Amino acid sequence: MSGNTNIDQARHPAADAVAMFFKNKPAIVALFVLVLIIIAGLIGPLLYPIDPFDMVWAPFGLPGEDGFILGTDYLGRDLFAGILHGTRVSLQVGLTAALMTVLIGVTVGALAGYFLGWVEEVLMRITEFFQVLPTLLFSMVIVALFGASLPMITFAIGLVSWPAVARITRAEFLRIRELEYVTASRAAGAKNLKLIFKVILPNALPPIIVQAALMVGSAILFEAGLSFLGLTDPNIVSWGQIIGSNRPYILDASYTVTFPGLAIFITVLCLSLVGDGLNDALNPKLRQR
Amino acid sequence: MTALLRVENLRIELATRLGVAPVIDDVSFELAAGETLSFVGESGCGKSMTALAIMGLLPDKVGRIAAGKILFNGEDMTQASDERLRSLRGNDISMIFQEPMTSLNPVFTIGEQIAEVLRRHKQMDKRDAWKRAAELLDAVRIPDATHRVGHYPHQLSGGQRQRVMIAMALACEPKVLIADEPTTALDVTIQAQIFDLLEDLRKDMGTAIIMITHDMGVVAEMADRMIVMYAGRKIEQGDVHTVLDHPRHPYTKGLIACVPHLVATLDEHRPPLTEVSGIVPGLQEFGKNECLFASRCDRVVERCLRERPTEQRFDKDQVSACWQANTL
């Protein structure tokens, strides 16, 4: 409660967490930058309506030349337009994949951690099966088999990433299911579904939220990795795809890969810092610090 | 006296590493409407297990009811479906727990938690349930209840939380309330208040109370009748005054002797505190056909080691499971 002795003020535990989060300076800065990136992704293409696929200038135009702030790539396409348009794609893939990860992971982990017995055995063996597969390779196989469309890439990333969430959720459920308020709720006649979703899950959320925030970052990296290898929708600009297509010229025109790389770096770093901030804010043991 | 709850020859087996052990061995008792029945005994003698069995909340896959019946209003709860048990739990039979600090869900307001029970069992709508929650908080004497109803558990003290638990347990005006050491975690002064509260609510609602405790003082103050448990067996039963006045089992005698007596001045002679020497036998001993108290008993005779004592009846429904009960 961070020294708050005023008990008359009814505060949701989440309010404490928010207050705690806003004491963490790197996290606030990161959140601010992230909001800017999201805004750029949403309205940037409207304000800067140059098509990233148009050849607008000579190839390898240096940054700043003739109004192109980040220069042009090997085909004379505007790099800044590419990065701006790519923002939306990267964020979209990151968020959707993270959402999918959380949905699958929480469902599997919650059922396994609540019901135990054969349900847990089966679900956790499936989880382990997905965990031992080399993730990049597995997602490449899916994308290569079913086509490199954006939804398929997102699906592939989600499919290989959920085991971490499932294991965290299961661990939390195993801990919380033994707590007295769960027994008390059971003694008050609560049904299994109610116990899972209304009693245990809300208490298990903090580590899951943190993991989800980190998951957005890793999904963006993942997408960049796949596009770098050419496994991407050729009709859509993404950061990884820009890096991938300019790869042969990395020594002659390094800025063509540096700028999209920086975009990825900054976004993932910010997500990571926000995730850390959430972790500190949601972890009651650290709240006293 | 018509029995509201009747437990017949209950046997609960617990799976341990050394095999199956009967943690409750052939226990029978009755609970009449509106009375307070107390279960006394050392830790691990099966008091809480009995309570959990009545609630149908024995730990999955570890404990099971191996034999016996639990009849509530004539309906055998050991045979009832999960659905039926859920509709009884919190509605006709409620329970309050030992640890008020951890028995409330930290992420919901106490009002939401009480309202939840009302909505589940009484099909109240959200607004009525919330209003009723505030009334219940007022009934368990939480000051400024209409305001407090929106508070979270961490904003309340231990005693207040236990009151909330009681409010929640009594929300549906249950016929039976099981209180598993409800004041062990609280201050002595708060303890007295909680007992007063339970006593008043019992009178108002006519709820029968099963009070589980290891404190003889609590028994003397609260209960009408008492059952002394030892190593999963019922060893003595009777009206509180009769038993405290004239225990018919050496273990009960020992427990009573353990209660320290207050003296008026410090220099007055204080009798040394007594103890019941020895410990409860291990679980692997539990099923044996002998008196399990024999190793700690100063009146042990050869028969105690050969045969499990049968229940012997005395005046005023006093029952003792001791071969030597007559001589005590």
Original post:
List the pairs whose first member sits in the stretch A:110-123 and is within 13 Å of another protein chain (Cβ to nearest Cβ), whose second member is assigned to a helix (DSSP H, G or I) and open to solvent by less than 30 Å² (accessible area, probe 1.4 Å), and whose Cβ atoms are under 6 Å apart, counting only residues at least 6 apart or on separate chains?
Top reply: A:Tyr114/A:Phe173; A:Tyr114/A:Ile196; A:Glu120/A:Ala112
**OP:** With the checklist (1) open to solvent by 70 Å² or more (accessible area, probe 1.4 Å); (2) hydrophobic (A, V, I, L, M, F, W, C); (3) in contact (Cβ under 8 Å) with a residue 40 or more places away in the chain in hand, flag the one item A:Met55 doesn't pass.
**Re:** (3)
Subject >> So A:Arg167, is it of a type in the set (D, E, K, R), in a helix (DSSP H, G or I) and within 30 Å of B:Ser48 (Cβ to Cβ) >> reply: no
Subject >> Of the criteria (1) away from chain B (no Cβ under 14 Å); (2) surrounded by 17 or more Cβ atoms within 10 Å (Cβ to Cβ), which one A:Ala188 fails >> reply: (1)
Original post:
Quick one: in the stretch B:97-113, which of the residues that are more than 8 Å from chain A (Cβ to nearest Cβ) and at pLDDT 90 or above is surrounded by the fewest Cβ atoms within 10 Å (Cβ to Cβ)?
Top reply: B:Glu112
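Go through the stretch A:256-289 and report how many residues are among the hydrophobic types (A, V, I, L, M, F, W, C), modelled with pLDDT of 80 or more and within 17 Å of A:Ile28 (Cα to Cα).
9
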Original post:
If only one of A:Ala204, A:Ala213 is more than 7 Å from chain B (Cβ to nearest Cβ), open to solvent by less than 40 Å² (accessible area, probe 1.4 Å) and within 16 Å of B:Thr102 (Cα to Cα), which one is it?
Top reply: A:Ala204
**OP:** Out of the residues in the stretch B:114-127 that are open to solvent by 80 Å² or more (accessible area, probe 1.4 Å) and without any contact (Cβ under 8 Å) to a residue 24 or more places away in the chain, state the one that is nearest to the other protein chains (Cβ to nearest Cβ).
**Re:** B:Arg119
Original post:
If you check every pair at least six apart or on different chains, which have Cβ atoms under 6 Å apart with a residue in the stretch A:251-267 that is touching a residue at least 60 places away in the same chain (Cβ under 8 Å) first and a residue that is of a type in the set (S, T, N, Q) and buried (at least 23 other Cβ atoms within 10 Å of the Cβ) second?
Top reply: A:Thr256/A:Asn246
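Just to verify a result, which residue in the stretch B:164-176, among those that are away from chain A (no Cβ under 11 Å) and surrounded by 21 or more Cβ atoms within 10 Å (Cβ to Cβ), is nearest to the chain's Cα centre (by Cα)?
Only one residue fits best here, namely B:Val176.
Matching residues to (1) among the aliphatic types (A, V, I, L, M); (2) under 16 Å from A:Tyr74 (Cβ atoms); (3) not in a helix (DSSP H, G or I):
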{"residue": "A:Pro202", "(1), (2), (3)": "no, no, no"}
{"residue": "A:Gly217", "(1), (2), (3)": "no, no, no"}
{"residue": "A:Phe222", "(1), (2), (3)": "no, no, no"}
{"residue": "A:Pro234", "(1), (2), (3)": "no, yes, yes"}
{"residue": "A:Leu251", "(1), (2), (3)": "yes, yes, yes"}
{"residue": "A:Pro260", "(1), (2), (3)": "no, yes, no"}
{"residue": "A:Ala263", "(1), (2), (3)": "yes, no, no"}
{"residue": "A:Leu269", "(1), (2), (3)": "yes, no, no"}
Subject >> Filter result for B:His151 (open to solvent by 30 Å² or more (accessible area, probe 1.4 Å) and either within 12 Å of chain A (Cβ to nearest Cβ) or farther than 27 Å from B:Lys122 by Cα (or both)) >> reply: no
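This table checks each residue for (1) touching a helix residue (DSSP H, G or I) at 6+ places or on another chain (Cβ under 9 Å); (2) crowded, with 21+ Cβ neighbours inside 10 Å; (3) free of Cβ contacts under 8 Å to residues at least 40 places away in the same chain.
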site: B:Leu5; (1), (2), (3): yes, yes, no
site: B:Asn9; (1), (2), (3): no, no, no
site: B:Thr16; (1), (2), (3): yes, no, no
site: B:Val27; (1), (2), (3): yes, yes, no
site: B:Ser38; (1), (2), (3): yes, yes, no
site: B:Gly46; (1), (2), (3): no, yes, no
site: B:Ala53; (1), (2), (3): no, yes, no
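The values are calculated or read from the model by the stated rules, or taken from the named source; none is laboratory data. This is a predicted model, so every value here is computed, not measured. Don't worry about glycine lacking a Cβ; one is built from the backbone with ideal geometry, like all the others, and counts go over all protein chains shown. Areas reflect the complete protein model, heavy atoms only, side chains present, ligands, DNA and RNA absent. Shrake-Rupley method; radii C 1.70, N 1.55, O 1.52, S 1.80 Å.
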